Amino acid sequence: MNSNWPTAELDPVRRLRVLAGGLHAVMYADAHLDLPFTEVWAVAGDLEHELPHLVPTLRAFRCYPTSEDRQLAWAYGPLGHRARFDVLLQTGWCLMQSRYVVGGMAAVSEGSGTRFAVLGGLRQPWSTPFQRALRPLGRSRGLMMVDRAARRALVRRDRGPAEAHGDR
């Protein structure tokens, strides 16, 4: 094998797009936000306080660090259901997986703003046709999540993170 083979590095948003394609994810969307990377990622990376604002079907998301960039998390729905998630959280990259669901967020600086992406899908092989059929709805839901993240970043800018946490 030749060690001089070309390699390609993908930024976090491109990695999430590739992951969405490989998973046949029901939800993938990305958009340019006219906000600095630090403000966008302050929202995306604050899973316990901000994820319930971004995902309407979450009542709470509790994280327990297991290493520098990995966490065990519990997601709680509005009707009392819960799910355990393994989380990989790094600057610009978040991947969350439960037994049945995968979710992710990614961000990169782009010009004077940030490109922000979200992903949601099912991990079961039988779900591929179902996810494909729902993809048009998933894209619009993803764009709504991107918009919520932008609005949350503005709230945090105006009020500060601690004061913004109480909003729902």
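The values are calculated or read from the model by the stated rules, or taken from the named source; none is laboratory data. Only a predicted model underlies this, so the values are computations on that prediction, with no experimental measurement involved. Ideal geometry is used to build each Cβ from the backbone, glycine not excepted, and the neighbour counts take in all protein chains shown. Surface areas here come from the heavy atoms of the whole protein model, side chains and all, with no ligands, DNA or RNA. Shrake-Rupley method; radii C 1.70, N 1.55, O 1.52, S 1.80 Å.
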Every residue from region 85-126 that is touching a strand residue (DSSP E or B) at 6+ places or on another chain (Cβ under 9 Å), surrounded by fewer than 17 Cβ atoms within 10 Å (Cβ to Cβ) and at pLDDT below 85: Arg123
Failed condition for Val118, given (1) under 23 Å from Ala20 (Cα atoms); (2) of a type in the set (Val, Ile, Thr); (3) more than 15 Å from the chain's Cα centre (by Cα): (3)
Residue list for region 1-33, restricted to those being over 13 Å from Gly103 (Cα atoms), part of a strand (DSSP E or B) and either modelled with pLDDT under 95 or open to solvent by 60 Å² or more (accessible area, probe 1.4 Å) (or both): His32
Filter pass, Ala73 being part of a loop (DSSP other than H, G, I, E, B) and open to solvent by less than 20 Å² (accessible area, probe 1.4 Å): no
Condition check for Val43: among the β-branched types (Val, Ile, Thr), more than 17 Å from Arg141 (Cβ to Cβ) and surrounded by 20 or more Cβ atoms within 10 Å (Cβ to Cβ): yes
Single residue of Ala73, Ala60, Ala44 found to be within 15 Å of Ala153 (Cα to Cα) and in contact with an Asp or Glu (Cβ under 9 Å, 6 or more places away or on another chain): Ala44
